[in-house]
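Heads up, the thing below is written out as structure tokens.
The values are calculated or read from the model by the stated rules, or taken from the named source; none is laboratory data. In this text the structure is predicted, and so the values were computed from the model without any measurement. Counting neighbours? That spans all protein chains shown, and the Cβs are built from the backbone with ideal geometry, glycine included. The area values use the complete protein model at the heavy-atom level, side chains included, leaving out ligands, DNA and RNA. Shrake-Rupley method; radii C 1.70, N 1.55, O 1.52, S 1.80 Å.
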Amino acid sequence: ISHLISELDNRGEAFIAALDLRRSAAIVSGYTKKHKDGLTLIIMPNVRDAELMAKALGHHNPLYISGNESNNERFAIWNAWQKKKKGILVGTRLAALMPHKNLSTVFLIRSSHENHKQADRNPRYDTRLIARKIRDEFNAKLFYIDTAPRIDEIALLTPNQMLGMKQPKVEII
């Protein structure tokens with residue numbers, strides 16, 4: 001894990017193979033500990049994962065948003081996030097709609113999970129596309145963490161951006 005964390009310093013975008021949420025939390029925690037002065041956005045596919053990640057990162061005092069809050073509570077979290085100079089926001093796909101102008105890093109955990117895509121009601125959006133847009137607009141680093149990459153991640157990333165695994169061979173059938 002410490003080797004993976006040191007590799008992230010040299011990359012603006014990467015896929016990191018992690019078998020479970022515990023390892024993902026260790027990678028995020030190690031990276032944010034090393035980059036204390038940055039703002040980190042962590043996007044999770046569902047409320048349970050977001051709760052577990054926020055709990056695992058409790059010593060970093062992250063802000064947490066799930067979408068289950070009242071409008072007033074959600075506004076208070078957004079307002080606190082916008083006032084931060086350094087820190088972490090952990091949340092579900094709703095967190096992707098709350099970028100910070102000084103955002104330095106985005107972690108998309110369980111990046112292949114279907115819940116990252118809002119397809120059942122308006123507005124329809126995919127947090128993977130929003131994360132790429134945030135990376136471009138705010139010059140932030142973007143890291144995907146999952147057990148295996150999606151085919152579009154394989155196509156968009158170079159072999160040296162695939163950490164913790166060998167890049168799979170793609171065949172057209």
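The condition (being touching a helix residue (DSSP H, G or I) at 6+ places or on another chain (Cβ under 8 Å), open to solvent by less than 60 Å² (accessible area, probe 1.4 Å) and not in a strand (DSSP E or B)) is satisfied by just one residue among ASN79, ASN115, ASN68: ASN115. For PRO149, the criteria (1) crowded, with 20+ Cβ neighbours inside 10 Å; (2) modelled with pLDDT of 90 or more hold in every case but one, which is (2). Answer yes if at least one residue in the range 124-139 is more than 17 Å from the chain's Cα centre (by Cα) and outside any strand (DSSP E or B), and no otherwise. The answer is yes, given that some residue of the range 124-139 is more than 17 Å from the chain's Cα centre (by Cα) and outside any strand (DSSP E or B). For the range 94-112, filtering for residues that are open to solvent by 40 Å² or more (accessible area, probe 1.4 Å) and more than 17 Å from VAL28 (Cβ to Cβ) leaves 6. Can you find a residue that is more than 12 Å from ILE145 (Cβ to Cβ), modelled with pLDDT under 95 and among the β-branched types (Val, Ile, Thr) anywhere in the range 7-30? Taking every residue of the range 7-30 in turn, none turns out to be more than 12 Å from ILE145 (Cβ to Cβ), modelled with pLDDT under 95 and among the β-branched types (Val, Ile, Thr).
Residue-by-condition table, conditions (1) touching a Phe, Trp or Tyr at 6+ places or on another chain (Cβ under 9 Å); (2) of a type in the set (A, V, I, L, M, F, W, C):
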| position | (1), (2) |
| --- | --- |
| ILE43 | yes, yes |
| HIS59 | no, no |
| GLY67 | no, no |
| ASN79 | no, no |
| VAL90 | yes, yes |
| PRO99 | yes, no |
| ASP120 | no, no |
| PRO123 | no, no |
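Cβ separations smaller than 8 Å between residues 6+ apart or across chains give the following pairs from the range 6-33 residues that are under 16 Å from LEU142 (Cα atoms) to residues that are hydroxyl-bearing (Ser, Thr, Tyr) and open to solvent by 40 Å² or more (accessible area, probe 1.4 Å): ALA17/THR147; ALA18/THR147; GLY30/SER2.
Can you say whether LYS55 is over 17 Å from ASP146 (Cα atoms), assigned to a helix (DSSP H, G or I) and open to solvent by 50 Å² or more (accessible area, probe 1.4 Å), as far as the supplied structure shows? For LYS55, the condition - over 17 Å from ASP146 (Cα atoms), assigned to a helix (DSSP H, G or I) and open to solvent by 50 Å² or more (accessible area, probe 1.4 Å) - is met.
Please verify whether the range 20-43 includes one or more residues that are surrounded by 19 or more Cβ atoms within 10 Å (Cβ to Cβ) and either among the acidic types (Asp, Glu) or part of a loop (DSSP other than H, G, I, E, B) (or both). No: the range 20-43 contains no residue that is surrounded by 19 or more Cβ atoms within 10 Å (Cβ to Cβ) and either among the acidic types (Asp, Glu) or part of a loop (DSSP other than H, G, I, E, B) (or both).
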